[in-house]
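The values are calculated or read from the model by the stated rules, or taken from the named source; none is laboratory data. Predicted, not measured: the structure shown is a model, and the values here were computed from it. Neighbour counts run over all protein chains shown; Cβ positions are idealised from the backbone, glycine included.
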Amino acid sequence: MVRVTDEPPARRRDEEPDSPDKPDDKTEPVLLTAPRDGTPEPITDRAELARAVERFAQGSGPVAVDAERASGYRYTHRAYLVQLRRAGAGTVLIDPLPFGQLPELDEVISPTEWILHAASQDLPCLTELGLRPTRLFDTELAARLCGFERVGLAALTESLLGYTLEKHHSAADWSTRPLPTSWLTYAALDVELLLQLRDTLAEELHEQGKTEWAAQEFAALVASAGDPPRVRADPWRRTSGIHRVRGARALARVRALWQARDEIAARRDASPGRVLADAAIIAAAEADPKDERSLLALAGFGGRSVRRLAPTWLAALADARALPDKELPTTPPSEGPPPPHRWAERDPVAAGRLARCRELVTSLATAHRVPPENLITPDSVRRLAWSPPEELTEEAVAAVLSGYGARPWQVALVTPGLTAALEVPAQ
């Protein structure tokens, strides 16, 4: 079933092939306002899903995959819509809420190559649905490796294919039901050109001699797709503005308010920031109000829903006030090198190593037309410069970088220069 849109299709199907040619470079980009096959209705029952799976089983080539979440609205990061497209199968939209898991779909699409844009953002929520790739092509990552400055989907389809995509629904609350027609059209268009974009970027990677680089990066994404999400120690320490809070007792107030907010957000399945803003937590931690009137006078506590929870916020502050000193937050143990701005004071020799290593990475990145952070992660460079191997050989440096997760192509490119940069220059 195809939902009728308010606007005419951007192209008529009998005028263009399944993979439209790029418009002439001299013409203005073409704005796509509707998918070539119309906007599909979201699939919501097993019978519809079975028919869609059969279509995809009979299709050919890679599968374009995308997912929409409700970041900023919901506590979880689950998918609220899944979009897929394959040659010979067309586009389908799946509402995952009635299903939980999608094993029948995974059985069909898992063996083939998936095409995603910014795969690391979508893979976790797709994994929750039981969808796991064995091969993938990430168009955003490919564009970075090719040296493109603008790597958003709309920017790439415009510059490489000559088609413009509207992105005004990217921050929408996709948990909304029913989903508006315009949102569904936007979602379907997100996979409309991924197949063609993949081929164009693959050709560019080949011309630049970077096909193997991309293959290693994509394989690393596949390998990490099923990894459990990283749980940060003391996540409350990431409260925006916490650097302004002074003293262990005030930090205890941040922690107490953050934990109270998190419990409410999880129970409501609401984004924590919609329950209580970070700025309000910081304001209360600094002021330590003792009564409701003082609390509600603070910035961020004026909203109706926040005011209703005033007893909860005051109880959290009272708990922090009553903590014995031995239970107050302490400076957490460092998981790595200190912040680089402190290196010159703590270890001038290490600071010199870091400066030389950074200069080397920047130079190589420029020469190979790749962002420095994609050439080698900044964290790997910092760790290596702070604590280099005792024996400064290329083999030792390569082993350290591999241990940090660097791919073989990265290790081969940066190891010789970094080994030289780690050596203390002769006086």
### Message
Is it the case, given these coordinates, that Arg356 is modelled with pLDDT under 95, in a helix (DSSP H, G or I) and more than 22 Å from Val254 (Cβ to Cβ)?
### Response
no
### Message
For the condition within 17 Å of His77 (Cβ to Cβ), of a type in the set (Val, Ile, Thr) and assigned by TED's automatic domain parsing to the domain that holds Leu195, what is the one hit in Thr127, Thr112, Thr139?
### Response
Thr127
## Note on the structure
Those residues of segment 331-347 that are farther than 16 Å from Arg237 by Cα and acidic (Asp, Glu) come to a total of 2
### Query
Which of the residues spanning segment 160-171 are free of Cβ contacts under 8 Å to residues at least 24 places away in the same chain and crowded, with 17+ Cβ neighbours inside 10 Å?
His169
#### Entry: Unique residue being among the small types (Gly, Ala, Ser) and more than 30 Å from Trp313 (Cβ to Cβ) when the list is Ala260, Ala223
Ala223
### segment 384-395 - residue that is assigned to a helix (DSSP H, G or I) and within 18 Å of Val349 (Cβ to Cβ) and, of those, nearest to the chain's Cα centre (by Cα)
Leu384
### Task
Return the only residue of Asp66, Asp45, Asp37 being assigned by TED's automatic domain parsing to the domain that holds Leu201, in contact (Cβ under 8 Å) with a residue 24 or more places away in the chain, of a type in the set (Asp, Glu) and in contact with a Lys or Arg (Cβ under 8 Å, 6 or more places away or on another chain).
Asp37
### Query
What tally of residues in segment 108-121 results from selecting those that are out of contact with any helix residue (DSSP H, G or I) (no Cβ under 8 Å at 6 or more places or on another chain) and either closer than 14 Å to Arg51 by Cα or surrounded by 23 or more Cβ atoms within 10 Å (Cβ to Cβ) (or both)?
1
### Message
Please determine whether any residue of segment 4-21 is at pLDDT below 55, among the β-branched types (Val, Ile, Thr) and part of a loop (DSSP other than H, G, I, E, B).
### Response
yes
### Task
Could you tell me whether Thr164 is among the polar types (S, T, N, Q), outside the structural domain of Gly72 (by TED's automatic domain parsing) and on the phi < 0 side of the Ramachandran plot?
no
### Query
What are the residues in segment 211-248 that are free of Cβ contacts under 8 Å to residues at least 40 places away in the same chain, β-branched (Val, Ile, Thr) and surrounded by 14 or more Cβ atoms within 10 Å (Cβ to Cβ), if any?
Thr211
### Query
For segment 219-324, list the helices (runs of 4 or more DSSP H) that sit wholly inside it and hold at least 3 residues that are within 25 Å of the chain's Cα centre (by Cα); which are they?
248-268, 272-275
### Query
Within segment 388-427, how many residues are loosely packed, with under 14 Cβ neighbours inside 10 Å, of a type in the set (Gly, Ala, Ser) and touching a residue at least 24 places away in the same chain (Cβ under 8 Å)?
1
### Task
Determine which member of the set Pro337, Pro332 is exposed (fewer than 13 other Cβ atoms within 10 Å of the Cβ), in a loop (DSSP other than H, G, I, E, B), touching a Lys or Arg at 6+ places or on another chain (Cβ under 9 Å) and not hydroxyl-bearing (Ser, Thr, Tyr).
Pro332
